[in-house]
Amino acid sequence: MSTTIYWFSGTGNSLHAARSIADRLHDETRVVAMAQVLRSGNRPQAEGRIGIVCPVYALGLPAIVQRFIRRLPKDGAESVFAVVTFAATSGGAIPLLQRKLAKRGLPLHQAFGLKMPENYPPMGGPPPDEKQRRLLEQAESKIEKVAATLNQAEEPCREKANILLRTLGRIASPWFSRGLKKADAKFRANDRCNCCGVCARLCPVDNIEIKLEKPAWLGHCEQCFACLHWCPQTAIEYGRRSQRQPRYHHPQTELEDFLQIRGKKAEVATDAAENRQFQW
């Protein structure tokens, strides 16, 4: 059976999880960026097994992931699994994903939560380096278990947060999504900005333009904070708190991983040894 893992990520946590799981699956696996599929205007392929790997936003799902799911062909996949990355709790993300998939006639067979370092500036930003190291080591161990389950399990298994957090997610996630049009009002570029344009190139939803030699945010932000964390000059700030925060990206991902998504045509690189494909 073939597997296609669709991922969305701002700082690399979910991208790393998607790649690492793909490396460990026994079947032929492709790793595909959701942003690339949506930008192309085409419907994603939904044959064989599908994986959805993404972060948790406001105890729910990122808006871009919800849009992606609405484009999945109905009744197309043999099975679906999901991995959601989070800093505190998966909240209502997995039940929400299950409901969204059900509307496309796609049952969610396996779902897992993966705790990883915080990277959301309004919540304080990333933890100290030593805590990051411990979290990443624990995440690698969990990824091994997830892949083993996906290789062996046939019965449905879905991890979920407690009922209170799931209930809060049903409230917080829609509220968060409604606020996205105004969410980028706090972004600004400081005096270190050299107008390199990296932020505009890597934004997954084309929400940044360079105007008057400074980045300008256009009012449809996803709150992934890729622009802030990947800026080579550490020139992008969000409100005042980010000035005191270190930047973060998963240590096994690179800026180029995200810049490649902007290509007009998807390019596929095949790793014969691992029987894995990366599509951008």
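The values are calculated or read from the model by the stated rules, or taken from the named source; none is laboratory data. Treat the numbers as computed from the prediction; the structure is a model and nothing was measured. Don't worry about glycine lacking a Cβ; one is built from the backbone with ideal geometry, like all the others, and counts go over all protein chains shown. Just so you know, the surface numbers come from the protein's heavy atoms only, side chains and all, with ligands and any DNA or RNA stripped out. Shrake-Rupley method; radii C 1.70, N 1.55, O 1.52, S 1.80 Å.
Near Ile5, the amide H atoms lying under 5 Å from its own belong to Arg30, Val31, Val32, Gly51; only residues 5 or more places off or on other chains count, and H is placed 1.01 Å from N. Estimated purely from DSSP H runs of n ≥ 4, each contributing -39500 (n - 2.57), the mean residue ellipticity at 222 nm for the chain is -10000 deg cm²/dmol once divided by its residues. Convex hull volume per residue, computed on the Cα atoms of the chain, equals 126 Å³. Take every DSSP beta bridge whose two residues both sit in the stretch 8-107; close to 10 percent of them are antiparallel.
Roughly speaking, to the nearest percent, how much of the chain's 1.4 Å accessible area is carbon and sulfur? That fraction is 49 percent.
Starting from the exponent 0.38 and prefactor 2.2 Å, build the expected Rg for the stretch 30-111 from its residue count and divide its actual Cα Rg by it. Rounded to two decimals, the normalised Rg is 1.02. Could you tell me the calculated FRET efficiency between Glu137 and Leu259, based on Cβ-Cβ distance and R0 = 30 angstrom, to the nearest 0.05? Calculated value: 0.60. When DSSP assigns beta bridges and you keep just the ones with both residues in the chain, what percent turn out antiparallel, to the nearest 5? Antiparallel bridges make up about 30 percent of those DSSP assigns within the chain. For trypsin sites (Lys or Arg not before Pro), the sites in the stretch 98-192 that DSSP calls loop and that have at most 16 other Cβ atoms within 10 Å are Lys103, Lys160, Arg192. Charging the Cβ of each Asp and Glu at -1 and of each Lys and Arg at +1, and nothing else, the dipole of the chain about its Cα centre rounds to 1320 debye.
Between Val83 and Ile52, Val53, Cys54, Phe112, the built amide H atoms are under 5 Å apart, and every one of these is 5 or more places off in sequence or on another chain.
In the chain, if the dipole is taken from +1 on Lys/Arg beta carbons and -1 on Asp/Glu beta carbons about the Cα centre, which of Gln245, Phe112, Pro128 is farthest to the positive end? In the chain, that residue is Gln245. Counting every pair of alpha carbons in the stretch 77-213, the share spaced more than 26 Å apart comes to 43 percent. In the context of the full set of protein chains, residues of the chain present 48 Å² of accessible surface per residue (probe radius 1.4 Å, heavy atoms only). Determine the shape class of the stretch 1-57: with a ≥ b ≥ c the square roots of the Cα gyration tensor eigenvalues, call it rounded for a/c under 1.5, and otherwise prolate if a/b is greater than b/c, oblate otherwise. Judged from the Cα gyration tensor, the stretch 1-57 comes out oblate (a/c at least 1.5, b/c at or above a/b).
Listed cross-link partners Lys115/Lys160; Lys131/Lys182; Lys74/Lys100; Lys100/Lys160; Lys181/Lys211; Lys74/Lys145 are compared with a 22 Å cut-off, the Cα-Cα value being larger for Lys131/Lys182; Lys74/Lys145.
In the assembled protein chains, Cys199 presents an accessible area of approximately 20 Å² (probe radius 1.4 Å). Relative to the Cα centre, the charge distribution of the stretch 110-182, modelled as +1 at Lys and Arg Cβ and -1 at Asp and Glu Cβ, gives a dipole magnitude of about 580 debye. Summary: within the chain, the longest segment free of GluC sites (Glu not before Pro) located in DSSP loops with at most 16 other C-beta atoms within 10 Å is 79-153. Each other residue within a Cβ distance under 11 Å of Ala111 adds +1 if Lys or Arg and -1 if Asp or Glu, for a net charge of +1.
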